[in-house]
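Chemist: One structure, pasted below without further comment.
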Amino acid sequence: MWLLLTVVILVSVAIGFWCARGRAPAEESSPNLLRTVIMLIFGCMFVVAGVGAYLAVVFTTCFTFNFSRPVWTDLKGKLFVANIFVPMLLAIGAGLAVSGILSPILTGAGLDGSMATVLPVMAAIVGLQFIQLWVLVWAPVEKRFITKRLLAQGILPEQMQNGILVGISNPASGYAKRFGMIEEDVGMLWVSPDRLVFWGDAEQFSLTREQVVQIERKADKRSTTMLWGLQHTILHVQMAAGAERQIRLHAEGLWTMGQKRRVMAHLAASVENWKSSVAPVAAATLPI
């Protein structure tokens with residue numbers, strides 16, 4: 001994410017110098033109404049393009065139309081690209097509009113003309129990056145994808161009402177898998193009286209209490225989620241061959257880190273209560 005931030009800042013600086021090239025100091029020091037109008041028009045065009053692109057990505061599930069086969073890996077790649085260009089369109093548009101208003105004022109205050117042009121754009125891009133640390137703009141895509149993929153696999157809507165949208169990953173995964181989204185699969189988890197059932201895009205499993213040998217809560221120190229105090233639930237599962245598998249759970253389809261933190265805490269408590277309970281808890285209708 002911070003690599004992306006550096007790239008977009010450099011791009012915005014280049015745009016600012018390009019917009020400011022060839023301008024005489026006398027012209028830079030005087031407000032230019034025509035320039036302000038042009039910057040506002042271009043800014044609005046970028047914002048409209050960004051909003052249109054965002055809506056297109058959401059309502060087409062990032063241009064995914066076939067849910068009869070596993071497609072999460074492909075969708076992650078498309079979301080990675082969308083997360084670069086869609087916010088950039090919005091940020092540049094807002095920055096250009098603000099620059100058209102503020103750059104004459106900044107120039108009049110003694111700031112270099114090129115910097116007066118580019119600083120508002122840079123501020124908009126950096127500001128949006130920080131907003132995206134808290135606001136998860138692709139939550140609707142995650143929810144739509146999981147729902148459509150489960151429906152395509154025969155999971156009924158009434159069965160989904162008792163499940164939790166989750167992703168799974170390997171805590172031992174290296175940095176190479178952290179470009180984009182770290183989740184290796186996404187789907188729904190059901191906490192039933194006698195087992196944990198996960199039904200994902202590519203993987204399905206059903207775990208008994210005996211198979212889950214340990215449950216831990218642990219923050220991911222290599223992720224920005226730790227900035228907000230998020231702790232992931234990690235299941236230590238005894239496999240049939242005798243090896244132990246670690247499954248890290250992620251809450252999906254949520255708009256803010258605050259929501260994600262609350263849901264992940266609830267998920268951890270539910271799984272821990274399930275593991276420690278002796279009497280069966282309330283039954284749920286499960287797909288398997």
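The values are calculated or read from the model by the stated rules, or taken from the named source; none is laboratory data. These numbers were taken from a predicted model, which means no experiment stands behind them. Note that we place each Cβ from the backbone using ideal geometry, even for glycine, and neighbour counts take in every protein chain shown.
Chemist: What about Leu102, is it free of Cβ contacts under 8 Å to residues at least 24 places away in the same chain, in a helix (DSSP H, G or I) and of a type outside the set (Asp, Glu)?
Modeler: yes
Chemist: Right, something else. Return the residues of the stretch 74-93 that are surrounded by fewer than 17 Cβ atoms within 10 Å (Cβ to Cβ) and in contact (Cβ under 8 Å) with a residue 12 or more places away in the chain; say none if nothing qualifies.
Modeler: Gly77, Phe80, Ile84, Phe85, listed by residue number.
Chemist: Report whether or not Gly110 is of a type outside the set (A, V, I, L, M, F, W, C) and on the phi > 0 side of the Ramachandran plot.
Modeler: Taking the combined requirement at face value, the residue satisfies it.
Chemist: Of the residues Ser192, Ser169, Ser173, only one is farther than 28 Å from Thr60 by Cα and within 20 Å of the chain's Cα centre (by Cα); which?
Modeler: Only one candidate qualifies: Ser173.
Chemist: Here is a further query. Looking at this structure, is Phe46 surrounded by fewer than 15 Cβ atoms within 10 Å (Cβ to Cβ) and either at pLDDT below 95 or touching a helix residue (DSSP H, G or I) at 6+ places or on another chain (Cβ under 7 Å) (or both)?
Modeler: no
Chemist: Which one is modelled with the highest pLDDT, of the residues in the stretch 165-181 that are of a type in the set (A, V, I, L, M) and surrounded by fewer than 19 Cβ atoms within 10 Å (Cβ to Cβ)?
Modeler: Residue satisfying both the conditions and the ranking: Ala172.
Chemist: A further question follows. With (1) outside the structural domain of Arg69 (by TED's automatic domain parsing); (2) in contact with an Asp or Glu (Cβ under 8 Å, 6 or more places away or on another chain) as the list, and Thr107 as the residue in question, which single condition is left unmet?
Modeler: Of everything listed in (1) outside the structural domain of Arg69 (by TED's automatic domain parsing); (2) in contact with an Asp or Glu (Cβ under 8 Å, 6 or more places away or on another chain), Thr107 misses just condition (1).
Chemist: Could you pull out the residue among Phe63, Phe85 that is under 17 Å from the mean Cα position of the chain (by Cα), in a loop (DSSP other than H, G, I, E, B) and either at pLDDT 90 or above or not hydroxyl-bearing (Ser, Thr, Tyr) (or both)?
Modeler: From the options Phe63, Phe85, the qualifying one is Phe63.
Chemist: I would also like to ask the following. Scan the stretch 238-261 for residues that are crowded, with 16+ Cβ neighbours inside 10 Å and either assigned to a loop (DSSP other than H, G, I, E, B) or of a type in the set (Lys, Arg) (or both) and report the count.
Modeler: Of the residues in the stretch 238-261, 6 are crowded, with 16+ Cβ neighbours inside 10 Å and either assigned to a loop (DSSP other than H, G, I, E, B) or of a type in the set (Lys, Arg) (or both).
Chemist: Residues of the stretch 202-225 being more than 26 Å from the chain's Cα centre (by Cα) and touching a residue at least 24 places away in the same chain (Cβ under 8 Å), which ones?
Modeler: Ser206, Leu207, Arg209, Glu210, Gln211, Val212, Val213
Chemist: Looking only at the stretch 58-73, how many residues end up being touching a residue at least 24 places away in the same chain (Cβ under 8 Å), among the hydrophobic types (A, V, I, L, M, F, W, C) and either in contact with a Pro (Cβ under 7 Å, 6 or more places away or on another chain) or on the phi > 0 side of the Ramachandran plot (or both)?
Modeler: Count: 2.
Chemist: When you go through (1) in a strand (DSSP E or B); (2) touching a His at 6+ places or on another chain (Cβ under 9 Å); (3) within 24 Å of Asn66 (Cβ to Cβ) one by one for Glu216, which number turns out not to apply?
Modeler: For Glu216, the exception is condition (3).
Chemist: Between Trp199, Trp228, which is surrounded by 13 or more Cβ atoms within 10 Å (Cβ to Cβ), under 16 Å from the mean Cα position of the chain (by Cα) and at negative phi?
Modeler: Trp228
Yes/no matrix, rows are residues, columns are (1) free of Cβ contacts under 8 Å to residues at least 40 places away in the same chain; (2) polar (S, T, N, Q); (3) assigned by TED's automatic domain parsing to the domain that holds Trp72; (4) in a loop (DSSP other than H, G, I, E, B):
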residue	(1), (2), (3), (4)
Met115	no, no, yes, no
Ala123	yes, no, yes, no
Arg144	no, no, no, no
Leu151	no, no, no, no
Ile155	no, no, no, yes
Ile168	no, no, no, no
Ile182	no, no, no, yes
Gly187	no, no, no, no
